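Notes for the one structure printed next.
The values are calculated or read from the model by the stated rules, or taken from the named source; none is laboratory data. All values derive from a computational prediction rather than experimental measurement. Cβ: placed from backbone, ideal geometry, glycine included. Neighbour counts: every protein chain shown.
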Amino acid sequence: MAFKDLFRFNKGKTTFVFIGGKGGVGKTTISAATALWFSRQGKKTLIISTDPAHSLSDSYERNIGHNPTPIAENLEALEIDPEIAMQDYQSKMKEQQAINPGMDMGMMQDQMDMASMSPGIDEAAAFDKFLQYMTTDEYDIVIFDTAPTGHTLRLLSFPEMMDSWVGKMITVRRQIGSMAKAFKNIMPFMGDEEEEDKALEDMEETKKRIKVARGIMADPMRTSFKTVVIPEEMSIYESERAMEALHKFNMTTDGVIVNQIQPEEVDCEFCAARRKIQQQRLKTIQQKFGGQVIAEIPLQKYEVKGMDRLTEIGDILYGNHIEEVKALPMT
C-alpha cells in the first residue's frame, strides 16, 4: 500500500490526521508538506499547530495567526496562541460568575475550584479547535502538527478529562440552581432563572459535543495518527511507547515516516559510519512497526523550508503528480 492510500476521505465529512513523534524528528516539516500536497490535489486543507513553540510560520515562511491564514490555494493554517486561548477561557469563567452575582464569594467557590482543576490551556485550546472544525465539515482534511510526544498524549487524553470535568461542573451548576431557586423569594438579587438555565444548557451541549468528538477520534475512517521517527534508538522506543498509549485512547496508528535517512552514496568515513548504524535501526523499525505502512525520507542537503522545498518532500512521500484522491462511500 502506498503511504498516500492511508488517508481516507468520506464525502461531506472532514478527515482528521495527527502527525506526531519525538521532538526534533521533523514533525512540522512532514505536516506542512502533507498539507501542501493534499491542497494541490484539490482538497480543502487546514493545518493546525498545537505546539506552543510554533515553527509552522517558519516552515511556510508566512505569518500565521490564531485564526486560519491563507497559505496557498486550498490551504489554510493556524497556530494556536495560548495567551488568546487563556483570555477566551477567562472570559467564559467571568460570564459564569456574572450569572450568579450574589454567590461568587460563597457557593460559586465550588465552581471556581473546578475551574482551577481544568486541563492545560494549550491542550484546551487545541481540543476547542478540534471541536470547532469537527462539527462544521468545512474542510476536506484537517492536519494537526503536534507538539512532542508527552504534550500530544495529554491533548489526546483531553476528551476523557474534559468529559469528567464538565460533568462535575454540571453537578455544581445544578446544586447552585436548586439553592438559588430556594432563596429566590427572599434574595431577589440571585440572578435570572432563565440565564441560569441557559448556562446549564450550554454545559450540557458541551458534554454532547465532547461525546461526539470522542467517537470521531476513535473512528479509523475519520481520524488517524501518523508517527514520524528518525533511525535512532531514543526516537524508536519513545514512538513505540506512544503508540501503546494511543491505542488506549482507541486512536488508529497506521503509518510511520522515517525521516533523515543517510544517503547510500557517501564518500566520507563519518557518513558511512552513520549510515551503517542507521541501517541497523531501520531493521528495528521494521520489526516494531512492520504492521504499519512505512515511508522513508532521505536526509536533505539543505534546510527544508519554503513552498518549493516542502513540495519536494510531499512528492517524495506521496508522489510527484496531481491525481484524484478518491472519496470513500458514505458509511
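Structure notes:
- Residue in the stretch 14-27 that is surrounded by fewer than 19 Cβ atoms within 10 Å (Cβ to Cβ) and either within 21 Å of Gly255 (Cβ to Cβ) or at pLDDT 85 or above (or both) present: yes
- Residue that is nearest to the chain's Cα centre (by Cα), among those in the stretch 39-63 that are closer than 18 Å to Val304 by Cα and surrounded by 21 or more Cβ atoms within 10 Å (Cβ to Cβ): Ser49
- Any hit, the stretch 231-245, residues being over 20 Å from Gly23 (Cα atoms) and either touching a Lys or Arg at 6+ places or on another chain (Cβ under 7 Å) or in contact (Cβ under 8 Å) with a residue 12 or more places away in the chain (or both): no
- Test: residue in the stretch 197-215 that is within 26 Å of Lys288 (Cβ to Cβ), at pLDDT below 95 and of a type in the set (A, V, I, L, M, F, W, C): no
- Candidates Gly314, Gly319, Gly306, filtered to the one that is among the small types (Gly, Ala, Ser), over 23 Å from the mean Cα position of the chain (by Cα) and either modelled with pLDDT of 95 or more or surrounded by fewer than 17 Cβ atoms within 10 Å (Cβ to Cβ) (or both): Gly319
- Restricting attention to the stretch 275-296, the residues that are buried (at least 16 other Cβ atoms within 10 Å of the Cβ) and under 15 Å from Glu265 (Cα atoms) total 2.
- Qualifying positions in the stretch 32-56 - modelled with pLDDT under 95 and out of contact with any helix residue (DSSP H, G or I) (no Cβ under 8 Å at 6 or more places or on another chain): Ala53, His54
- Residues of the stretch 8-31 satisfying the condition of being out of contact with any Lys or Arg (no Cβ under 9 Å at 6 or more places or on another chain) and not hydroxyl-bearing (Ser, Thr, Tyr): Lys11, Gly12, Lys22, Gly23, Gly24, Val25, Gly26, Lys27
- The strands (runs of 3 or more DSSP E) found entirely in the stretch 192-308 that carry 1 or more residues being of a type in the set (Phe, Trp, Tyr) are 223-229.
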